[in-house]
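Peer 1: Below you'll find the structure I mean.
The values are calculated or read from the model by the stated rules, or taken from the named source; none is laboratory data. Keep in mind that what you see is a predicted model, and the values were worked out from it rather than measured. Cβ coordinates were reconstructed from backbone atoms using ideal geometry, including for glycine residues, and neighbour counts include every protein chain displayed. Please note that ligands, DNA and RNA were not included when accessible areas were found on the heavy atoms of the full protein model with its side chains. Shrake-Rupley method; radii C 1.70, N 1.55, O 1.52, S 1.80 Å.
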Amino acid sequence: MATVRDTTYDLLRELGLTTVFGNPGSTEEPFLKDFPADFHYVHALHEASAMAMADGYAQATGRPAHVNLHTAPGTGNGMGNLVTAWHNKTPLIVTAGQQTREMLLIEPRLTSRRPTELTQPYVKWSYEPARAQDIPAALMRAYATAVQPPTGPVFLSLPMDDWDRPANPPPQVRTVATRYAPDPERLRDFAAVLAASRSPVLVLGAAVDRADAWPAAVALAERLAAPVWSAPAPERAVFPEDHPHFRGVLPFAIGPLAEALRGHDTVLVVGAPVFRYYPHVPGKNYLPADARLLHVTEDPDESARAPVGESLLGDAGLALAALRDLLPATDRPAPAARPEPEPPAESSPPSADALFAALARHWPADGVLVQESPSNLSALRRRLRVTRPGSYFTMASGGLGFGLPAAVGIALAERDTGRGRPVVAVIGDGSFHYSVQALWTAARLRLPLPVVVPVNQQYAILKAFADLKHTPGVPALDLPGLDVVAVAHGYGCAAEVVDPLDRLGEAVGRALAADGPTVLPVPISTEVPRIL
Ligand SMILES: Cc1ncc(C[n+]2csc(CCOP(=O)(O)OP(=O)(O)O)c2C)c(N)n1
């Protein structure tokens with residue numbers, strides 16, 4: 001007779017979930033027992049890494065991923081990156097072991113108390129099956145929940161004595177819709193506003209990249225002869241950044257953002273929150289005076305919390321294409337390309353600007369950039385323009401410890417999908433340590449992943465924030481005495497300091513051709529860039 005475990009593995013196979021990211025414990029062993037040969041267990045040394053590797057893998061494959069964690073403590077360790085997965089809108093099916101049902105009443109060691117509350121409010125659904133034989137059907141429901149818009153993580157708590165129980169007949173393997181089209185009438189209203197607009201502007205968010213909708217975005221921008229901004233603090237690139245219409249990334253503060261949009265009478269936001277702000281820099285208005293905001297999102301909550309604008313619910317790609325089809329040609333001249341930045345100033349050690357200009361010179365044409373380098377982000381985005389879809393990833397949440405393991409998951413996805421695009425991570429020397437154990441997984445998987453670490457020996461962005469907010473005397477903003485090369489060697493990675501900077505191209509080239517990860521610390525200037 002089939003057990004709950006047999007039926008569950010069959011279902012996971014049918015759903016294409018044969019890669020499991022995790023870190024095992026006693027409460028997971030009954031599930032992992034006799035782990036099937038056609039499954040791949042990606043072993044992370046810490047649950048934060050398991051979660052972000054799965055997130056990167058899911059984003060790069062365009063499919064949900066399965067993370068299996070240890071009861072309450074393991075789930076707790078994964079929480080920071082679960083928060084990030086929630087903001088990233090990544091469909092993750094997170095499962096965790098639970099103590100034996102037989103003993104739950106007396107709360108033995110490793111009981112997860114109130115397990116369905118533990119991951120709230122950062123999951124779309126959280127459940128502990130009422131009966132052992134409900135596990136497979138609960139997994140089917142978890143899958144359907146995760147992949148329907150807005151996509152996001154779900155959580156199942158699975159008691160360890162459930163797996164050998166006799167199974168019910170397997171649940172139906174269902175397909176569910178992963179996008180929905182906007183209301184045609186409201187869409188026509190939006191098109192009419194755009195058609196009558198004197199100076200429209202497009203603000204695009206990560207949902208455009210997730211929907212594989214760069215061509216639709218370009219077609220609409222050209223139809224409208226409108227400039228295009230990336231929404232603030234984007235987790236994906238949303239538009240070809242070498243296209244003459246592209247203006248850059250909007251600032252993440254109320255006053256400066258409104259200022260950047262000055263002169264426009266219609267702001268069409270597609271696939272982003274309105275807006276993802278960070279420092280509170282008050283402005284009188286969220287928008288330039290007399291501007292009207294139209295918001296297209298697949299997420300009703302995102303639409304509800306917008307302080308201004310009118311909303312239209314629907315998939316970013318479908319909405320962009322439909323608006324393009326509804327709009328007449330315009331005789332407005334196309335926006336002129338923005339000027340190229342001046343070459344970076346020479347200094348010793350080099351500035352972050354010089355580092356990223358050098359990286360851009362040696363960038364592989366189909367390269368994928370994963371970044372977590374907070375204070376250097378604007379220099380990175382200024383120098384290294386992303387020109388292809390699905391090739392830029394960072395976290396939407398502001399929580400550190402995502403980038404390094406996400407890069408490992410993305411590099412694995414490039415291998416597993418056979419696409420084989422080169423992946424390069426740029427991770428600040430502070431950010432590097434939040435999920436540093438991911439290096440070991442990259443080494444075990446022999447992933448050719450260069451990890452460029454701009455070393456400024458400080459939490460520079462926190463110094464910039466303290467400066468902006470006039471909070472002098474904050475402790476713990478310096479990072480002396482960290483040996484990045486020794487840490488990398490300890491996890492089985494190659495590593496070398498890149499100094500002088502003109503060795504960077506060769507070092508990155510060698511790392512991309514290697515059969516394992518290479519950590520490349522680059523000493524940079526300690527000058528603190530301004531936050532805005
Ligand atoms: C999980 C988590 N802990 C702490 C912070 C606060 N924080 C934001 S940026 C930052 C410093 C990052 O340092 P580094 O990677 O060296 O980048 P730099 O600012 O120097 O460019 C810290 C500690 C955070 N965002 N997330």
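Peer 1: Out of all the residues in the range 119-139, which are part of a helix (DSSP H, G or I) and over 21 Å from Lys89 (Cβ atoms)?
Peer 2: Ala132, Gln133, Asp134, Ile135, Pro136, Ala137, Ala138
Peer 1: Restricting attention to the range 350-402, which residues are open to solvent by 20 Å² or more (accessible area, probe 1.4 Å), touching a helix residue (DSSP H, G or I) at 6+ places or on another chain (Cβ under 8 Å), away from the ligand (no atom under 16 Å from the Cβ) and of a type in the set (A, V, I, L, M)?
Peer 2: Residue satisfying the conditions is Ala360 alone.
Peer 1: Can you name the number of the only condition in (1) open to solvent by less than 60 Å² (accessible area, probe 1.4 Å); (2) within 16 Å of the ligand (Cβ to nearest atom) that Ala319 fails?
Peer 2: (2)
Peer 1: Hey, among the residues in the range 422-447 that are more than 17 Å from the chain's Cα centre (by Cα) and over 18 Å from Ala54 (Cα atoms), which one's farthest from the ligand (Cβ to nearest atom)?
Peer 2: Looking only at the range 422-447, we keep the residues that are more than 17 Å from the chain's Cα centre (by Cα), and these are 422, 429-430, 433, 436-437, 439-447.
Those still in the list that are over 18 Å from Ala54 (Cα atoms) too: 422, 429-430, 433.
Working: Pro422: 23, Asp429: 5, Gly430: 3, His433: 9 Å.
Ranking the candidates gives Pro422 first.
Peer 1: Limited to the range 1-42, what total is found for residues that are under 25 Å from Ala442 (Cβ atoms) and surrounded by 17 or more Cβ atoms within 10 Å (Cβ to Cβ)? Even if it seems obvious, please write down each step before you answer.
Peer 2: Applying the first criterion (under 25 Å from Ala442 (Cβ atoms)) to the range 1-42 yields 12, 16-25, 28, 32, 35-42.
Then keep just the ones that are surrounded by 17 or more Cβ atoms within 10 Å (Cβ to Cβ); that gives 12, 17, 19-25, 28, 32, 42.
The qualifying residues number 12.
Peer 1: A further question follows. Any idea how many residues of the range 92-118 are assigned to a helix (DSSP H, G or I) and among the hydrophobic types (A, V, I, L, M, F, W, C)? Write out each step before concluding.
Peer 2: From the range 92-118, those assigned to a helix (DSSP H, G or I) are 101-106, 115-118; that's our starting set.
Retained after the next criterion (residues that are among the hydrophobic types (A, V, I, L, M, F, W, C)): 103-106, 118.
Counting residues in the range 92-118 that are assigned to a helix (DSSP H, G or I) and among the hydrophobic types (A, V, I, L, M, F, W, C) gives 5.
Peer 1: Quick check on this structure: which one of Val281, Val308 is in contact with a helix residue (DSSP H, G or I) (Cβ under 6 Å, 6 or more places away or on another chain) and of a type in the set (Val, Ile, Thr)? Before the answer, list the steps.
Peer 2: Numbers: Val308 fails: in contact with a helix residue (DSSP H, G or I) (Cβ under 6 Å, 6 or more places away or on another chain).
When all the criteria are applied, what remains is Val281.
Peer 1: Condition first: within 19 Å of the chain's Cα centre (by Cα), at pLDDT 95 or above and of a type in the set (A, V, I, L, M, F, W, C). Can you find one or more residues in the range 253-269 that meet it? It would help to see each step written out before you state the result.
Peer 2: Start the filter on the range 253-269 by keeping residues that are within 19 Å of the chain's Cα centre (by Cα), which leaves none.
Scanning the range 253-269 turns up no residue that is within 19 Å of the chain's Cα centre (by Cα), at pLDDT 95 or above and of a type in the set (A, V, I, L, M, F, W, C).
Peer 1: Tell me, which residue of the range 141-157 that is open to solvent by 10 Å² or more (accessible area, probe 1.4 Å) and outside any loop (DSSP other than H, G, I, E, B) is farthest from Pro115 (Cα to Cα)? Give the derivation first.
Peer 2: First, the residues of the range 141-157 that are open to solvent by 10 Å² or more (accessible area, probe 1.4 Å): 141, 143, 145, 147-151.
Still in the list and also outside any loop (DSSP other than H, G, I, E, B): 141, 143, 145, 147.
Working: Arg141: 18, Tyr143: 19, Thr145: 18, Val147: 22 Å.
Selected residue: Val147.
Peer 1: Need at least 2 residues that are within 23 Å of Leu359 (Cβ to Cβ) and within 16 Å of the ligand (Cβ to nearest atom) per element, so show me which helices (runs of 4 or more DSSP H) inside the range 457-513 make the cut, counting only ones lying wholly within it.
Peer 2: Values: elements: 460-468, 484-490, 504-513.
Qualifying helices (runs of 4 or more DSSP H): 460-468, 484-490.
Peer 1: Test of understanding: among Ala233, Ala219, which residue is under 25 Å from Arg388 (Cβ atoms), open to solvent by 10 Å² or more (accessible area, probe 1.4 Å), out of contact with any helix residue (DSSP H, G or I) (no Cβ under 8 Å at 6 or more places or on another chain) and small (Gly, Ala, Ser)? Before the answer, list the steps.
Peer 2: On the way: Ala219 fails: out of contact with any helix residue (DSSP H, G or I) (no Cβ under 8 Å at 6 or more places or on another chain).
Within the list Ala233, Ala219, the selection yields Ala233.
Peer 1: For Leu412, indicate whether it is more than 10 Å from the ligand (Cβ to nearest atom), open to solvent by less than 40 Å² (accessible area, probe 1.4 Å), farther than 16 Å from Gly62 by Cβ and touching a residue at least 60 places away in the same chain (Cβ under 8 Å).
Peer 2: No: the conditions fail for Leu412.
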